[in-house]
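Report on the following structure.
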């Protein structure tokens, strides 16, 4: 009996030890999990070409591996709105996109945002927009962004050993670097009223992909058809701006000031319809399709449709007007990469800048979010991201001569780009409408003009954009 009792005693003792051990291990595991902070970042939904190269599970792992070198207590995950249309074909789709971002900024679902420059301060102007107020019930959306200037001031004497902090402090916040890795336009894009809200994160460019055999022909003098997704309002607007620049100067000297004065000059001379709008409509019909008689015709030119046409049609007489971020996907479709040539319009291209913004309403410690934002905005991280997914760094390729292992020809094209076009600046005026209003109304007006040839509504709208002509009615 003693042996049986002893056996039971020993069994109970070991069960108790096992329970305590497992409980302690579970406690350690919970404690460990509590030390990890999960940071959620909202980005735009990748288009159908880029999405093939952006595997979220893999990219999140690679990004977190990078972060673990300096911060081992955070995990970053990227998200997008699955219901978002990657091509905004109407004002309503654009408004839904803006409303979703504003709603996420108001709550704490996402801690950071990757925001397009066409959004970040696009509601800001000298004149308040009744359209923005009535549609989005917000003015000064940037009030939801964390003021990063405060954090740079607070830490400027404390973080001397932080390479990412020093780099961004010198090149973005205080601009004390003689050889800045960012150009002035890139830096200014993250500021509003001298307060820094957005850190340069990445950029994209409008480029033309040409199948070898066509030579170095460009979009405005090529006799062949051009495949481009004019269904997308942003692409149509960028195409219009490129056309303005390449065809609106005549024999004038093409300096930056003249680019951004084209619209004003044409309006003042009453030459907008004759010298810009009618030639633009002719260009669209000659180069894309001469049967654009309905909105449905125009909206059939989606990215997916034109890209398939470009990839799968045989012959050399075709080109695709896409984005630089499409490069890795496109060259992967050809056995011989040298078959694809890239062209920039007169060494000019509409540049799409993106900025990293911290949500002021996030429940996560703001000092930690600031530290993570510095790492994700560093030139080292941007270089690594470019190698992984063809996402162009925001920095100047001519200043940081990174030894990329791939894309040599592509890098050379980017380095030869002498200037970028700021699409928002093309429509700026002292007492004009904010860009968000331009973006909402102008593409639909251009589509209607291409269909019916009536330029007056577009002229009236552009006058309203430039001069806030109150007796002219937006469509």
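The values are calculated or read from the model by the stated rules, or taken from the named source; none is laboratory data. From a predicted model like this one, the values you see are computed outputs, not experimental measurements. When we count neighbours, we look across all protein chains shown, and the Cβ atoms used for this are built from the backbone with ideal geometry, even at glycine.
Do we have any residue at all in region 68-75 that's in a helix (DSSP H, G or I), surrounded by fewer than 17 Cβ atoms within 10 Å (Cβ to Cβ) and out of contact with any helix residue (DSSP H, G or I) (no Cβ under 7 Å at 6 or more places or on another chain)? Reasoning before the result, please.
Our first condition is that a residue be in a helix (DSSP H, G or I); within region 68-75, this holds for none.
Looking for residues that are in a helix (DSSP H, G or I), surrounded by fewer than 17 Cβ atoms within 10 Å (Cβ to Cβ) and out of contact with any helix residue (DSSP H, G or I) (no Cβ under 7 Å at 6 or more places or on another chain), one finds none in region 68-75, hence no.
Suppose the filter is more than 30 Å from residue 333 (Cβ to Cβ) and either assigned to a loop (DSSP other than H, G, I, E, B) or modelled with pLDDT under 95 (or both); does residue 123 pass it?
Details: more than 30 Å from residue 333 (Cβ to Cβ): yes; either assigned to a loop (DSSP other than H, G, I, E, B) or modelled with pLDDT under 95 (or both): yes.
Taking the combined requirement at face value, the residue satisfies it.
If you go through region 40-49 one residue at a time, do you hit one that is modelled with pLDDT under 80 and either under 22 Å from residue 379 (Cα atoms) or surrounded by 14 or more Cβ atoms within 10 Å (Cβ to Cβ) (or both)? Lay out the reasoning, then the answer.
Of the residues in region 40-49, the ones modelled with pLDDT under 80 are none.
Looking for residues that are modelled with pLDDT under 80 and either under 22 Å from residue 379 (Cα atoms) or surrounded by 14 or more Cβ atoms within 10 Å (Cβ to Cβ) (or both), one finds none in region 40-49, hence no.
From the list 359, 337, 316, exactly one residue is touching a strand residue (DSSP E or B) at 6+ places or on another chain (Cβ under 6 Å) and either farther than 30 Å from residue 196 by Cβ or modelled with pLDDT of 95 or more (or both). Which is it? Spell out the reasoning first.
Numbers: 359 fails: touching a strand residue (DSSP E or B) at 6+ places or on another chain (Cβ under 6 Å); 337 fails: touching a strand residue (DSSP E or B) at 6+ places or on another chain (Cβ under 6 Å).
That would be 316, the only listed residue that is touching a strand residue (DSSP E or B) at 6+ places or on another chain (Cβ under 6 Å) and either farther than 30 Å from residue 196 by Cβ or modelled with pLDDT of 95 or more (or both).
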**Asked** Any residue in region 420-434 that is modelled with pLDDT of 90 or more, surrounded by 18 or more Cβ atoms within 10 Å (Cβ to Cβ) and farther than 18 Å from residue 202 by Cβ?
**Response** yes
**Asked** Quick check: anything in region 204-221 in contact with a helix residue (DSSP H, G or I) (Cβ under 8 Å, 6 or more places away or on another chain) and at pLDDT 90 or above?
**Response** yes
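Any residue in region 126-146 that is more than 24 Å from residue 431 (Cα to Cα), in contact with a strand residue (DSSP E or B) (Cβ under 6 Å, 6 or more places away or on another chain), touching a residue at least 40 places away in the same chain (Cβ under 8 Å) and not assigned by TED's automatic domain parsing to the domain that holds residue 437?
Just the residues of region 126-146 that are more than 24 Å from residue 431 (Cα to Cα), to begin with: 144-146.
Checking the rest, the ones that are also in contact with a strand residue (DSSP E or B) (Cβ under 6 Å, 6 or more places away or on another chain) come to 145-146.
Pick out the ones that are also touching a residue at least 40 places away in the same chain (Cβ under 8 Å) and you get 145-146.
Next, from what is left, pick out any that are not assigned by TED's automatic domain parsing to the domain that holds residue 437: 145-146.
Yes, that holds for at least one residue.
Does region 287-304 include one or more residues that are in a helix (DSSP H, G or I), at pLDDT 90 or above and surrounded by 21 or more Cβ atoms within 10 Å (Cβ to Cβ)? Even if it seems obvious, please write down each step before you answer.
First, the residues of region 287-304 that are in a helix (DSSP H, G or I): 287, 295-299, 303-304.
Checking which are at pLDDT 90 or above leaves us with 295-299, 303-304.
Then drop every residue that is not surrounded by 21 or more Cβ atoms within 10 Å (Cβ to Cβ), which leaves 298, 303.
Checked against the condition, which is being in a helix (DSSP H, G or I), at pLDDT 90 or above and surrounded by 21 or more Cβ atoms within 10 Å (Cβ to Cβ), region 287-304 yields at least one hit.
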**Message:** at pLDDT 85 or above and within 19 Å of residue 456 (Cβ to Cβ): which single residue out of 275, 268 fits that description?
**Reply:** 275
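For every residue, the table says whether it meets (1) under 29 Å from the mean Cα position of the chain (by Cα); (2) free of Cβ contacts under 8 Å to residues at least 40 places away in the same chain; (3) in the same structural domain as residue 88 (by TED's automatic domain parsing).
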residue	(1), (2), (3)
266	no, yes, no
277	yes, no, no
282	no, yes, no
288	yes, no, no
296	yes, yes, no
302	yes, no, no
**Fill in**
Checked against (1) touching a residue at least 40 places away in the same chain (Cβ under 8 Å); (2) under 19 Å from residue 302 (Cα atoms); (3) part of a loop (DSSP other than H, G, I, E, B), residue 94 satisfies every condition except (3)
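Does residue 228 meet the test of being touching a helix residue (DSSP H, G or I) at 6+ places or on another chain (Cβ under 7 Å), under 18 Å from residue 342 (Cβ atoms) and at pLDDT 90 or above?
Judged against the criteria, residue 228 is a match.
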**Asked** Which one of 99, 118 is assigned by TED's automatic domain parsing to the domain that holds residue 193, modelled with pLDDT of 95 or more and either over 27 Å from residue 205 (Cα atoms) or touching a helix residue (DSSP H, G or I) at 6+ places or on another chain (Cβ under 9 Å) (or both)?
**Response** 99
**Request:** Go through region 97-116 and count every residue that is free of Cβ contacts under 8 Å to residues at least 24 places away in the same chain and surrounded by 14 or more Cβ atoms within 10 Å (Cβ to Cβ).
**Result:** 2
**Request:** Report yes if some residue within region 104-113 is under 28 Å from residue 425 (Cβ atoms), assigned to a helix (DSSP H, G or I) and modelled with pLDDT under 95; otherwise report no.
**Result:** no
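The rows are residues; the columns are (1) out of contact with any strand residue (DSSP E or B) (no Cβ under 6 Å at 6 or more places or on another chain); (2) under 24 Å from residue 141 (Cα atoms); (3) touching a residue at least 24 places away in the same chain (Cβ under 8 Å).
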| site | (1), (2), (3) |
| --- | --- |
| 165 | yes, no, yes |
| 169 | yes, no, no |
| 173 | no, yes, yes |
| 192 | yes, yes, yes |
| 206 | no, no, yes |
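Quick check on region 156-163. Is at least one of its residues assigned to a helix (DSSP H, G or I) and farther than 20 Å from residue 395 by Cα? Full working, then the answer.
Filtering region 156-163 for residues assigned to a helix (DSSP H, G or I) gives 163.
Filter again for farther than 20 Å from residue 395 by Cα, leaving none.
There is no residue in region 156-163 that is assigned to a helix (DSSP H, G or I) and farther than 20 Å from residue 395 by Cα.
Taking region 126-152 only, how many residues are within 18 Å of residue 366 (Cβ to Cβ) and not in a loop (DSSP other than H, G, I, E, B)? Please lay out each step first, then the result.
So the first thing to find is which residues in region 126-152 are within 18 Å of residue 366 (Cβ to Cβ), and the list is 142-152.
Right, trim to not in a loop (DSSP other than H, G, I, E, B) and you get 142-145, 148-152.
Adding up the residues that qualify gives 9.
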**Prompt:** Just to be sure, is residue 182 at pLDDT 85 or above, part of a loop (DSSP other than H, G, I, E, B) and surrounded by 15 or more Cβ atoms within 10 Å (Cβ to Cβ)?
**Reply:** yes
**Asked** So is residue 169 under 23 Å from residue 397 (Cβ atoms) and assigned to a helix (DSSP H, G or I) or not?
**Response** yes
